[in-house]
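*Asks:* There's a structure below that I have some questions on.
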Amino acid sequence: MASRKTTTSFEESLAELEQLVEQLEQGDLTLEESLKSFERGIKLTRNCQKSLQAAEQKVQILLEKNGQQTLEPFNDE
């Protein structure tokens, strides 16, 4: 298998994680393949969590005014 990039985008990680889950759910993998897929899934999950935490921090910074957090109403128009 080709070597993987060390950093992937949130979307890439999530898509690969979804593929791994599908493979594991099918039950066609050997125990060793399942363990490798599970290990990769854990790494992808951690990558997604880090991306989400970073996004949440950015949103909090953007919403902070004069040292106070303010909630802005959501307007989807």
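*Asks:* Answer with yes or no whether Ser9 is modelled with pLDDT of 90 or more, surrounded by 14 or more Cβ atoms within 10 Å (Cβ to Cβ) and hydroxyl-bearing (Ser, Thr, Tyr).
*Replies:* No, not satisfied.
*Asks:* Right, next: Which is assigned to a helix (DSSP H, G or I), at pLDDT below 95 and either exposed (fewer than 10 other Cβ atoms within 10 Å of the Cβ) or of a type outside the set (Ser, Thr, Tyr) (or both), of Leu62, Leu17, Leu35?
*Replies:* Answer to the check: Leu62.
*Asks:* Cβ-Cβ distance below 9 Å, separation of 6 or more or different chains: which pairs start in the range 41-67 with a residue that is closer than 14 Å to Leu17 by Cβ and end on one that is of a type in the set (Val, Ile, Thr) and modelled with pLDDT of 90 or more?
*Replies:* Short answer, once both residue conditions are applied: Gly41/Val21.
*Asks:* What are the pairs with Cβ atoms under 7 angstrom where one residue, in the range 7-22, is within 16 Å of Glu39 (Cα to Cα) and the other, located anywhere, is surrounded by 13 or more Cβ atoms within 10 Å (Cβ to Cβ) and among the basic types (Lys, Arg)? Sequence gap at least six, or different chains.
*Replies:* Sorted first by the residue in the range 7-22, then by its partner, the pairs are Leu20/Arg40.
The values are calculated or read from the model by the stated rules, or taken from the named source; none is laboratory data. What you see is a predicted model, and the numbers here were worked out from it, not measured in a lab. All Cβ positions, even for glycine, are placed from backbone atoms using ideal geometry, and neighbour counts span all protein chains on display.
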